[in-house]
Structures are given as C-alpha cells and as structure tokens.
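The values are calculated or read from the model by the stated rules, or taken from the named source; none is laboratory data. Values in this document were obtained by computation on a predicted structure and should not be read as measured data. Reconstructed Cβ throughout: ideal geometry from the backbone, glycine too, with neighbour counts over all protein chains shown. Please note that ligands, DNA and RNA were not included when accessible areas were found on the heavy atoms of the full protein model with its side chains. Shrake-Rupley method; radii C 1.70, N 1.55, O 1.52, S 1.80 Å.
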Amino acid sequence: MALYATAATVLAAVEGRRGSIKGLVYASSFQNVKQLYALVCETQRYSAVLDAVIAGAGLLRAEKKLRPHLAKVLVYELLLGKGFRGGGGRWRPLLERHQARLKAELARLKVQRRVSRNEDLLQVGSRPGTASQVPRFVRVNTLKTSPDDAVDYFKRQGFSYQGRASSLEDLRALKGKCFLLDPLLPELLVFPAQTDLHDHPLYRAGHLILQDKASCLPAMLLAPPPGSHVLDACAAPGNKTSHLAALLRNQGKIFAFDRDAARLASMATLLARAGVSCCELAEEDFLAVSPSDRRYRQVQYILLDPSCSGSGMPARPLEEPGAGTPSKARLQALAGFQQRALRHALSFPSLQRLVYSTCSLCQEENEDVVWDALQQNPGAFRLAPVLPSWPHRGLGTFPGAEHCLRASPETTLTGGFFVAVLERVEVSSSVPEAEAAAPELRAGAARRRKRRRRRAPAPGTPQVRGAEPAPGAS
C-alpha cells in the first residue's frame, strides 16, 4: 500500500535529519497528507518501543527484504494503530505470519517495565501531556453542507450529540462517541481527543475540514463579507484559505500565494475537494508581490500567517528534537522575515483589515512583530479589540497588546497560537473624503498649481507673441 511505503520513506528522512515531518510530507506525492502526517508522527513517537519489539521478535532477521523503517510503520499499525488500512495490501499476510511473536514481545516489554498501557512505554518526553487532551476539532465546510446536516449524519452513525458547549469543562469532559458544537464558532464540531476521522466519508468528500479551533480564528476574525477581495499571503497548506472561501460563499476573490510548489500543489487538491471556486493560486513569494498591481486594487482584507517556529504545535517536538525551544538565531531570522511580511502587507493601498497569526508561543514572533509594524505606521493602523471574553490575551509588552489573542492547550484547549487584528484608522470627518481616500491626488494637484504659478506672467508683463496663454487666460 502506497501509504506505508511513503510513510517509511518520510520516517527514514526525518530520522536522518533531512527535514521535518511536515515539510517531507508535503514534498511527497501522497494525496492524503493528513493521513500520512498522522501515521508518521505516531510511528515516530513510538520509535524506541517499536525498535525494541522488532528486535526482540527477530522480524528483520526472518524477513530480510523488509526495510527497517517500513517494518516500524507496519508494526505500529498492527500493534498500536487501528489496524491495516485498505486491507493492508501485500504487507498484511507478511506481518500476520509474525503477529503472535510481535504481540508476545510487546507484552513482555510491558511486564519488564511494569506498565499496563501502551503509552506508559513511552519516554517521558514523548508521553501525551496536556497537548494530547486537546479535543478533535472538525470544521464543517459550509460550501458543501451545513452543521445541522453534519450533526444528523454523525447521529445516524451512532454518535451522541450533546448540543452546544457552554464552557471549556464541557469540552474536557467529552469521551467515547459523544460530540458537541463549539460555543464560539457555529460551524465547528468537537469530538474527544483521540477521535480519528481521516478515513471518514465526509472528510474524504470535503464536507469536513480537520482544523484546530485556534487555526479557525484568523479567518473568522478577518470576517470578509461575500464579494470581497482577499489576499492570503502565505497560504499553504490551505485550511485557512478554504475557511475564507466558505465565509465569502465563493463570492468575491481570494489571491493566495506560496513559494513552495509542492505545498501549493497539495493545497490545490485540498481546495478542489472543498469546492472552492473563488481562489487564484500563485507560486510566488509574497514579498515580491507589488501592492500597486491593478489586480489587487480592491483588496481590503489580508490574512498573513507567515512561516514561524511552530513552537505552539503539540506535534512539533516529535518532528524535530528541540523544536519547542527555537534558538535565538533562528528566532531572529524568523522575526525578521515576519516583520518584512507584515510591513509589506500594510502597504496595500485599499487595505482595511488584516489578521496576523502564527502557531508560535514566542514573543519575538508575535507581540514584537506587531509592535514593530505599528511603530512603522504611526496613526495609520490600530489593534482591533476582539473577543473580549477570550481567556488568554497578548503579553503586556506594549500599550494595547491585550487586544491580541493567545491560545494554548492549558488555557483554551487548543494548539498554541497567536492572533492580532489590525485595522486602518478612519480619517477624521473634518478631512474631505476625496482627500482622505487618495492623498496622491492632493500631491498631484499641488504640483499642478505650482506649475501654473511658474507659467503665469507677473502682473503687468506683456504676453509674448506666439506663447501659449496661461491656464484660465482669455
């Protein structure tokens, strides 16, 4: 099965330090990137356990053509996962020949370490903590269905619908086949943490988007009305773009940019499955996009979710050792890019509202970047006060930083995230509207008056024959 072969290739590259899981998954040609990402992450998490089981059972000695990383992926599916997907192809009978020895070796390992659960075999750094208790958030794609229809479908499958949640405690208490409607986002369903919907028919058909609640905030807070022109600056993998399209009801235009061709190709597949028809994709560095290009003259909304350290992503430490605590040099490089991207976005002439977001917990990538942009544009933009009841606010590093939002598994039961909403400051009504809207017209008029003064003769000076009369002369 292609899933297992691709997962083994990605796993080998990750362990060989040739890239991160996320980057390698998107660079692969496998279509279902979510399924592949989840399988590689979990196999990597149990890597040491799987190595011990495979060695103890003598699997590689008995099957000399079986590559070590493929063996690790297959044994994970057999012993720790949910069984072979799609029948398992030619690998299933091979593994079933060794199933008894593998299970016996796993049981022996538990006895040896005096534990009863699989997850207790993990090293402390790999054990599920608070992050593993983050619920499974599922956004209903309103381009294809409605929350009510999705709820009815799950109820027919034997799930128990508990209505709209009223607090985080309701979400923490979820278990079994129960699910809720999120108290903030009307199209967001919430399931227990370990619910796996990657193979669900509604997900495969694009009716559901598996997206963390915090990741849904940027599009929700940008809130472009149908018919708007929106720019998604660093768009891949595309979940936020599909959310924008749903808010627009496919009416209007989304200009989406990403400079990574592989990620953009995966994004095109995701958007097609989601029924998005209002998006124009471009393989281009956002910093090279000209704000004066006539194509973007109606862009009033920009979503900027730039590359970041990913320090708020629960799975990131599984991908790269030390990824949760990026080095000072890496933070400086990322923050420099983020500052340039935000300044560039704010230079689009018709911009009215912008959302800046990251999946980072680092002040250098969040509050510091926003404060730099506000200082670079004094009086032109302000931080919009949003979601006053949201429990986790921005760090108080500058006046108004409390209008920013933060998220974390501990405080909001989501992944780690940061969101800031910047809006253009309205010009005082005492300034004529035409002048406020187009300052370049004022400058042009001043230049024309200056030229007229230079051409006009001084009082009493005779006109030169053949000379063009001054403007307004008769």
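For Ala71, state whether it is open to solvent by less than 30 Å² (accessible area, probe 1.4 Å) and either under 26 Å from Tyr203 (Cβ atoms) or in a helix (DSSP H, G or I) (or both). When the stated conditions are applied, Ala71 passes them. Annotation: Ser242 fulfils all but one of (1) touching a residue at least 60 places away in the same chain (Cβ under 8 Å); (2) surrounded by fewer than 22 Cβ atoms within 10 Å (Cβ to Cβ); (3) out of contact with any Phe, Trp or Tyr (no Cβ under 7 Å at 6 or more places or on another chain); the unmet one is (2).
A single member of Ala27, Ala48, Ala8, Ala13 is within 31 Å of the chain's Cα centre (by Cα), open to solvent by 20 Å² or more (accessible area, probe 1.4 Å), under 30 Å from Ala268 (Cα atoms) and aliphatic (A, V, I, L, M), and it is Ala27. Any idea how many residues of the range 169-186 are closer than 30 Å to Pro388 by Cβ, open to solvent by 30 Å² or more (accessible area, probe 1.4 Å) and among the charged types (D, E, K, R)? Selection size over the range 169-186: 3. Screening the candidates Ala274, Ala193, Ala223, Ala261 for the property of being surrounded by fewer than 21 Cβ atoms within 10 Å (Cβ to Cβ), under 21 Å from Phe154 (Cα atoms), of a type outside the set (D, E, K, R) and touching a residue at least 12 places away in the same chain (Cβ under 8 Å) yields one hit, Ala193. Cβ separations smaller than 6 Å between residues 6+ apart or across chains give the following pairs from the range 328-341 residues that are within 21 Å of Asn377 (Cα to Cα) to residues that are open to solvent by 70 Å² or more (accessible area, probe 1.4 Å) and of a type in the set (D, E, K, R): Ala335/Glu364. Between a residue in the range 403-428 that is touching a residue at least 12 places away in the same chain (Cβ under 8 Å) and under 16 Å from Arg382 (Cβ atoms) and any residue that is open to solvent by 20 Å² or more (accessible area, probe 1.4 Å) and of a type in the set (Gly, Ala, Ser), which pairs come within a Cβ distance under 9 Å, given they are 6 or more apart or on different chains? Listed by first residue and then by second, the contacts come to Arg424/Ala380; Val425/Gly379; Val425/Ala380.
Residues checked against (1) under 23 Å from Leu244 (Cα atoms); (2) out of contact with any Cys (no Cβ under 8 Å at 6 or more places or on another chain):
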{"residue": "Phe348", "(1), (2)": "yes, yes"}
{"residue": "Tyr356", "(1), (2)": "yes, yes"}
{"residue": "Cys359", "(1), (2)": "yes, no"}
{"residue": "Asn366", "(1), (2)": "yes, no"}
{"residue": "Val369", "(1), (2)": "no, yes"}
{"residue": "Gln375", "(1), (2)": "no, yes"}
{"residue": "Pro378", "(1), (2)": "no, yes"}
{"residue": "Pro385", "(1), (2)": "yes, yes"}
{"residue": "Pro388", "(1), (2)": "yes, yes"}
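Within the range 262-302, the residues that satisfy the criterion of being assigned to a loop (DSSP other than H, G, I, E, B), of a type in the set (S, T, N, Q) and within 21 Å of Leu222 (Cβ to Cβ) are Ser277, Gln298. Of all the residues in the range 15-48, those that are over 19 Å from Phe84 (Cα atoms) and assigned to a helix (DSSP H, G or I) number 9.
Comparison of Leu181, Leu222 shows that the only residue that is at pLDDT 95 or above and over 18 Å from the mean Cα position of the chain (by Cα) is Leu181. Mind checking which residues of the range 156-165 are exposed (fewer than 10 other Cβ atoms within 10 Å of the Cβ) and assigned to a loop (DSSP other than H, G, I, E, B)? Gly158, the sole residue that qualifies. Within the set Arg442, Arg447, Arg382, the sole residue that is at pLDDT 95 or above and either surrounded by 11 or more Cβ atoms within 10 Å (Cβ to Cβ) or outside any loop (DSSP other than H, G, I, E, B) (or both) turns out to be Arg382. Among the residues of the range 339-375, those identified as under 20 Å from Ala288 (Cα atoms) and among the hydroxyl-bearing types (Ser, Thr, Tyr) are Ser347, Ser350, Tyr356. Among the residues of the range 413-433, those identified as modelled with pLDDT of 90 or more and not hydrophobic (A, V, I, L, M, F, W, C) are Thr414, Gly415, Gly416, Glu423, Arg424. Scanning the range 51-68 for residues that are open to solvent by less than 50 Å² (accessible area, probe 1.4 Å) and touching a His at 6+ places or on another chain (Cβ under 8 Å) yields Ala57, Leu59, Glu63. Scanning the range 205-220 for residues that are open to solvent by 10 Å² or more (accessible area, probe 1.4 Å) and either of a type in the set (Phe, Trp, Tyr) or in a loop (DSSP other than H, G, I, E, B) (or both) yields Ala205, His207, Asp212.
Within the range 153-173, the residues that satisfy the criterion of being over 30 Å from Gly252 (Cβ atoms), at pLDDT 95 or above and either in contact with a Pro (Cβ under 8 Å, 6 or more places away or on another chain) or not small (Gly, Ala, Ser) (or both) are Phe154, Lys155, Arg156, Gln157, Phe159, Tyr161, Gln162, Ala165.
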